[in-house]
Amino acid sequence: MPFTPDSELDLLFPSEYISQDVRSQLHPSLHIRPLASTDYKRGHLSILSVLTVVSDPGEEAWLAQFNAMRAAQRTYYSLVIVDRASDQIAAVGTVFIERKFLRGLGSVGHIEDIAVDKNQQGKKLGLRVIQALTTISENSGCYKTILNCSDSNIPFYQKCGYEKKENEMAKYA
Ligand code: ACO
């Protein structure tokens with residue numbers, strides 16, 4: 001599949017929200033951009049499968065979720081790194097913005113679902129995804145950006161400038 005420029009895609013949020021600094025540090029064979037409505041076809045779910053077991057809801061349901069995220073304006077920011085040669089996704093990540101009554105009606109950015117294709121790991125794609133998402137969070141006015149991760153990923157997030165704080169609690173339905 002030939003590379004599709006941002007101008008020909010239906011995007012989750014404006015491309016300009018992605019840091020120029022991060023763009024300029026990416027290898028020329030790669031491109032970073034917001035998630036697009038056609039990214040189901042570019043392997044979005046298969047990239048996420050490096051993170052956890054992924055069940056495929058089908059393209060129609062995937063698109064309905066994309067549209068619901070976009071309708072919640074200024075809340076969901078999912079981005080992808082695309083391999084220009086194949087037009088397939090190599091890395092993904094999301095930050096969503098929580099609005100609070102505390103902290104002077106402040107906001108918090110929650111980073112979720114970071115995944116890099118197995119063949120592309122260790123080439124700083126994860127770092128670039130985190131840098132781009134953190135910039136979006138900070139430019140959205142968030143006073144902090146947080147995430148949950150396994151112990152084995154702590155060194156990665158430390159390399160991205162994050163530090164360990166408190167504990168995660170979970171209750172599965
Ligand atoms: N342990 C120690 N150091 C690490 C690790 C690790 N597990 N992973 C990366 N690093 C280091 C790298 O060596 C590099 O260090 P350097 O700057 O000294 O060279 C730095 O962190 C940046 O690494 P990247 O090359 O950007 O890492 P990568 O592109 O492989 O992305 C990621 C890291 C996202 C963890 C990837 O390996 C991956 O997709 N893993 C499987 C899915 C996963 O665990 N996702 C994160 C879940 S947590 C969440 O989503 C909030």
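The values are calculated or read from the model by the stated rules, or taken from the named source; none is laboratory data. Being a predicted model, the structure only gives us computed values, none of them experimental. Ideal geometry is used to build each Cβ from the backbone, glycine not excepted, and the neighbour counts take in all protein chains shown.
What to note about this one:
- Residue among Phe96, Phe66 that alone is aromatic (Phe, Trp, Tyr), out of contact with any Pro (no Cβ under 8 Å at 6 or more places or on another chain), buried (at least 16 other Cβ atoms within 10 Å of the Cβ) and more than 21 Å from Cys149 (Cα to Cα): Phe66
- Residue satisfying all of: in the range 112-145; touching a Gly at 6+ places or on another chain (Cβ under 6 Å) and not aromatic (Phe, Trp, Tyr); farthest from the ligand (Cβ to nearest atom) among these: Cys142
- Residue among Leu26, Leu45, Leu12 that alone is in contact (Cβ under 8 Å) with a residue 40 or more places away in the chain, under 23 Å from Asn119 (Cα atoms) and within 16 Å of the chain's Cα centre (by Cα): Leu26
- Residue list for the range 15-29, restricted to those being touching a strand residue (DSSP E or B) at 6+ places or on another chain (Cβ under 7 Å), in a loop (DSSP other than H, G, I, E, B) and either under 12 Å from Leu133 (Cα atoms) or of a type in the set (Val, Ile, Thr) (or both): Ile18
- Of the listed requirements (1) in contact (Cβ under 8 Å) with a residue 12 or more places away in the chain; (2) farther than 24 Å from Leu9 by Cβ, Asp87 misses just one: (2).
- The strands (runs of 3 or more DSSP E) found wholly in the range 65-173 and carrying at least 3 residues that are over 11 Å from the mean Cα position of the chain (by Cα) and not polar (S, T, N, Q) occupy 88-99, 142-146.
- All positions within the range 27-40 that are farther than 16 Å from Gln121 by Cα and exposed (fewer than 14 other Cβ atoms within 10 Å of the Cβ): Pro28
- Options Ala36, Ala61: the member that is more than 22 Å from Lys118 (Cβ to Cβ) and over 16 Å from the mean Cα position of the chain (by Cα): Ala61
- Hey, Ile47 in a helix (DSSP H, G or I), modelled with pLDDT of 95 or more and surrounded by 20 or more Cβ atoms within 10 Å (Cβ to Cβ) or not: yes
- Selected residue (only one of Gly161, Gly109, Gly58, Gly104 is of a type outside the set (D, E, K, R) and in contact with a Cys (Cβ under 7 Å, 6 or more places away or on another chain)): Gly109
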